[in-house]
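The values are calculated or read from the model by the stated rules, or taken from the named source; none is laboratory data. Here the structure is a predicted model, which means the values were calculated and not measured. Backbone-built Cβ (ideal geometry, glycine too); neighbour counts: all protein chains shown. Surface accessibility is based on the protein's heavy atoms, side chains included, excluding ligands, DNA and RNA. Shrake-Rupley method; radii C 1.70, N 1.55, O 1.52, S 1.80 Å.
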Amino acid sequence: MSADARRGLSLWQEAWRKLRRQRIAMVCLAIIGLYAAVALYGEVEYRRHRIAQTTPAYQQQDIALQYQPPDLRHWCGTDNLGRDVGLRLVQGARVAFHVGIVTSLIAIPIGLVLGLLAGYFGGRLDDVIVWLYSTFASIPSLLFILAIAMAVGKGLTGIFLGVGLTAWVPLCRLIRSEVMKHRGRAYVQAARALGFSHGRILFRHILPNVFHIVIVNFTLRFPAAVGTEVIMSFLGIGVQGEPSWGIMINNARTRLWQGVWWEMGAVTLALFLLVLAFNLFGDALRDALDPRLRDSET
Amino acid sequence: MGRYILRRLLHLIPTVFGVIAITFVLFNLVGGSPGRMALGEKASPKQVDDFDEQRGFNKPVLWGTRIKTLALVDQDFARGAGSWTGVSNATLAAAAGAEPSYLVLRGDVKPPLAFPLRGGVEYEWTARWRQPGGAWLTSRLRMPGDSTLSTIGTLFKDAGPDVHVASITLRRVVANPFDSQFVNYLANLARFDLGTSTSANLPVAQLIREGIRPTMLLALPILVTELVVSVSIGLLCAFYRGRWLDRAMVFVSVALMSLNYLVWIVAGQYLLAYKLGWFPVWGFESVTYLFLPVLIGVISGLGANVRFYRTVMLDEVYRDYVRTAFAKGLGTRDVLFRHVLRNAMVPIVTNVVLAIPFLYTGSLLLEFYFGIPGIGYLSVNAINSSDPDVIRAVVLIGSILYVVVGLVGDLLTALVDPRIKLT
């Protein structure tokens, strides 16, 4: 037995130890934490100004100051209305986190529950659920998201529903195949022999064993959701009124051709770093949590 | 083999039906009504009704003989007069104690219709009313829309001058209960009638047919080039596993993958077309207009594909037969391209086949921002101008393609790998 198994560590604790030893993963985690803090600050700013009915700093226009390159007062320069690009980036981070979290809150329960039910009970229920997710999976995803947003109306709700209602499918597939593997395992048969109800076995025994898939899926879906929101806001279907990275890229696009490089550069960098950090951390997390790579399992 | 195909085709039917149902729900139900969706919030009820009438959206959803109409909103007078305020000869009697308020009609009353009722269509009035001091009754009156009755007096037969009304509703009568939106949708699909575009005023089927060629001209080169390049790099990475080249490629792949698609398009257009002037910026005049979008399409997809193919190759490279091949003295090139590549074909073929249905939507963004008039361009325009028929058709065809191509992919996989038996 390995040292960790001898110490009787759980999968989570073992995974954390493995992760801690990887420098890149830790750096990425720190970056994510930094973005989360920035997003939180942005949220506080937003609420504060909404309650007080004042104009927030990032919406203050000053035409005299338009198109300023980065300097000490405006770290990322100003845009066409003289607004500080850096502060708008902060709001963009806030929107990105909103999207990532809410879409996960929609997609994860649906995918998890349906996957558990399909994998465990099999038979007709499985057929129905497989039909359901095959149908959703066969619709071209960007189009589907755009169509949902069109039907529900412009704004963040459309994005939440659109991304959430398409993102549950991969999770459901993964959970279903994993639960099917667990269904035949000795501990499940033992639980049945002990007379435990299906619900108890499913949620108290099998669920903890497949939960790591949910975590990894969340970490890898978050940047995809953010990316989709950016595209939708870019097309004008997403966030209205409030700054978001997609809207900023749209504004910066034409001005890039006039030589205003800082707006585009700043947004690209902000978006890129967040997505990269999540992707790298998600990969490392997946490797660390993979039960097959555990040191031993007697 | 034949039985397998038959079984898969049978499975195909519920999935396609599911997609038809979803597109129906999404476009006919969720948005309020397609008329409302296409014309927007500011359109008057008459305009929306005209639109709906033209497209057959004025019918019950699944089946039935009565359907609400936009001409008059249902009114329960216990809640107030609603649209009936200000109608001459009709006053609202306030609620008194336990008795809720009701409308008092005295003489001729013209109902506050949002637009004149249609001739040639039958309507039905339903009212719950009473004579003063009498019991509550419910009456119905059917009449054609162009009837000369401008009042609804005949609804209250043999009534005195005063009538108390508790609620009144108006419905269109549909002769055939199966003449519903859903049935019509299915019937149109069977005739390959995909509807009409509101912005272009052309049949959707024609628009899609015209858009296929540009989309294919863009998407096929991207698919082929991407396949060749990613598989080669993947093979290289698998072979030099662990060495700096591999590690660098993995990091670069993840980095490339993390750059948002939009950034590739914007940066590519700016740097290569505008600044350096190597490619034309926008349009579809000749083949040269395709070079830049294809280049951007390939590079942006490179990251994810290289990662995938690298994993696939790695699974193969560790097998025993590779070691045997090297031990027998075969060179790297032979081992990689003749043996490893062939055995890795199954996941490669699956991946390529799965990508084909997405060719059809033709990278919406590439087409839109480079002005290539394909199906993706059509879709984005339809979204921007709220054109439900077009989007619905594109989504439907895309899904059917996905399902059919999935079947073909499974068959191909079986052909390529003799170990797979299609039972």
- Which aspartates and glutamates does residue B:275 reach when only Cα atoms under 19 Å apart count, and residues fewer than 8 places away in its own chain are ignored? A:263
- Task: Answer with one residue from A:33, A:177, A:96: the one whose Cα lies farthest towards the positive end of the charge dipole of chain A, charges on Cβ with Lys, Arg +1 and Asp, Glu -1.
- Result: A:177
- Query: Highest GNM mean-square fluctuation, chain A, Cα pairs closer than 10 Å: which of A:190, A:266, A:96?
  - Reply: A:190
- Message: Nearest 10 degrees is fine. How inclined is helix A:156-183 to the longest principal axis of chain A, computing both from alpha carbons?
- Response: 20
- Residue among B:292, B:113, B:218 with the largest mean-square fluctuation in a Gaussian network model of chain B, springs linking Cα atoms under 10 Å: B:113
- Note on the structure: Log10 I(q)/I(0) at q = 0.18 Å⁻¹ for segment B:269-423, from Debye over equal alpha-carbon scatterers, is -1.11
- Ranking by accessible area, most exposed first, for A:136, A:211 with a 1.4 Å probe: A:211, A:136
- Message: What does the charge count around residue A:78 come to, taking other residues whose C-beta lies under 10 Å from its C-beta (Lys +1, Arg +1, Asp -1, Glu -1)?
- Response: -2
- Report the Stokes-Einstein translational diffusion coefficient (µm² s⁻¹, integer) for chain B, Rh taken as the Kirkwood radius over Cα pairs, at 4 °C with viscosity 1.567 mPa s. 48
- Query: Per-residue accessible area for residue A:17 at 1.4 Å probe radius, Å² rounded to 10?
  - Reply: 90
- Which of B:312, B:116, B:227 sits farthest toward the positive end of the charge dipole of chain B, with +1 on the Cβ of Lys and Arg and -1 on the Cβ of Asp and Glu? B:312
- Query: Hey, if we sort B:49, B:108, B:410 by accessible area with the 1.4 Å probe, largest down, what's the order?
  - Reply: B:108, B:410, B:49
- Sparse-neighbourhood loop hits (trypsin sites (Lys or Arg not before Pro), segment B:168-228; DSSP loop; Cβ within 10 Å at most 11 others) -> B:191
- Task: With springs connecting C-alpha atoms under 10 Å apart, model chain A as a Gaussian network and identify which of A:121, A:218, A:281 has the largest mean-square fluctuation.
- Result: A:121
- When Rg is the radius of gyration of the Cα atoms in the protein assembly as shown and Rh is its Kirkwood radius, what does Rg/Rh come to? 1.04
- Note on the structure: So for R0 = 45 Å, FRET eff. of residue A:197-residue B:243 from the Cβ-Cβ r, to 0.05, ends up at 0.25
- Query: Cα extents of segment B:320-388 along the three principal axes, largest first, in whole Å?
  - Reply: 65, 21, 12
- Rounded to whole Å², per residue accessible area for the protein assembly as shown with a 1.4 Å probe reads 49
- Residue-level accessible surface for residue A:10, protein heavy atoms, 1.4 Å, Å²: 50
- Message: Can you give me the C-alpha center-to-center distance between segment B:233-253 and segment B:170-222, rounded to a whole angstrom?
- Response: 48
- Three-way shape label, segment A:225-282, alpha-carbon gyration tensor, a/c 1.5: oblate
- Using a 1.4 Å probe on protein heavy atoms only, how many Å² of accessible area do B and A hide from each other, summed over both chains and rounded to 100? 3700
- Out of A:228, A:265, B:408, whose Cα points farthest toward the positive end of the dipole of the protein assembly as shown (charges: +1 Lys, Arg; -1 Asp, Glu; placed on Cβ)? B:408
- Message: Please report, ordered by residue number, every helix of chain B (full DSSP H runs) that is 27 Å or longer along its axis going by C-alpha atoms and whose mean Kyte-Doolittle hydropathy reaches 0.5.
- Response: B:2-24, B:204-239, B:288-317, B:388-416
- Query: What does the accessible area of residue A:55 come to, in Å² to the nearest 10, when a probe of 1.4 Å is used?
  - Reply: 80
- Semi-axes of the equivalent ellipsoid of segment A:1-134: what are they in whole Å, largest first, if each equals the square root of 5 times a C-alpha gyration tensor eigenvalue? 44, 26, 13
- Classified through the alpha carbon gyration tensor (a ≥ b ≥ c as square roots of its eigenvalues; rounded if a/c is under 1.5, else prolate when a/b is larger than b/c, else oblate), chain A comes out prolate
- List B:400, B:233, ordered by accessible area with a 1.4 Å probe, largest first: B:400, B:233
- In terms of Cα to Cα distance under 26 Å, which lysines are near enough to residue B:68, apart from those fewer than 8 places away along the same chain? B:42, B:46, B:59, B:110, B:157
- Note on the structure: For residue B:167, other-chain or 5+-apart residues with amide H closer than 5 Å (H placed, Pro excluded) are B:77, B:128
- Task: Check the straight Cα-Cα distances from residue B:328 and name the lysines below 29 Å, setting aside those fewer than 8 residues away within the same chain.
- Result: none
- Query: Round to a whole number: what % of the accessible area of the protein assembly as shown belongs to carbon and sulfur, probe 1.4 Å?
  - Reply: 62
- Query: Angle between the Cα long axis of helix A:123-138 and the longest principal axis of chain A, 0 to 90 degrees, nearest 10?
  - Reply: 20
- Mind checking the angle between helix A:11-20 and chain A's longest principal axis? C-alpha axes, 0 to 90 degrees, to the nearest 10. 40
- Expressed in angstrom and rounded, the centroid-to-centroid distance over alpha carbons for segment B:351-415 and segment A:94-150 is 20
